[in-house]
Amino acid sequence: MANVDNPRGFTPVRSLDQNGLVGKIQSYVVAAATTVAIGDPVGLTDGLVVKAATGVAVLGVVVGVGNESAITFGGTDGLFNPDDLTRVYASTGESVSVILANNVVFRGQTATAQAGVVKGVSLDINATQFVDATHNRSQVELVTNVNGDAIVTGWPEYNSAAGAVNSTNVPTGAYAELDFIFSSVVFGQS
């Protein structure tokens, strides 16, 4: 069975040491002329969040949007925009929560079939597909390697209702879900 085409950006799934998900989340302000969505990989320029570009160190992945009081420690509103719960993106001057990429394994979908996918192979991020107006969510995917942005660590196996392993997630097929780490990360400033 073919993989389903359902890009939604990148999702943190666990720590690199396999001990659940332990990652630092920090609040940042979005740079001028920039829009990022939950699931988008981002970088840091002059202390502001920018869209991550292929071949450039990644700060982390956006996991929340909202006003500053909603996403700083001690805030009561959590990692969302309390004024619009359907909004999953932030623009110039707005705040986002970013899970830092260091020691975190992410899951994302491939844009096309990737021959020879095994653990340790490198892929790139599709840095041109961010917020999609139709779906109102991140459309970032993994693509054929040029710059080595991501290193595959594995892929999920899904179980059927009967409990048997279901091979619908074909790691070499188009739209495969792969677990990966970013090969180059920048450390965020508090």
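Once you put a point 7 Å from the Cα of Ala32 and another 7 Å from the Cα of Val4, both along the Cβ direction, what distance in nm separates them?
Inter-label distance under the simple model: 4.2 nm.
How do Asp124, Asp17, Asp46, Asp40 rank when sorted from fewest to most other Cβ atoms within 10 Å of their own Cβ?
Taking fewest neighbouring Cβ atoms as first place, the list is Asp46, Asp17, Asp124, Asp40.
In what sequence do Val143, Val65 fall when counting other Cβ within 10 Å, fewest first?
Val143, Val65
Would you order Val50, Val146 from fewest to most other beta-carbon atoms within 10 Å of each residue's own beta-carbon?
Ranked by crowding around the Cβ, least crowded first: Val146, Val50.
We did not get these values from a lab; they are worked out from the coordinates using the rules stated. Bear in mind that the values here come from a model prediction, so they are computed numbers and not experimental data. Don't worry about glycine lacking a Cβ; one is built from the backbone with ideal geometry, like all the others, and counts go over all protein chains shown.
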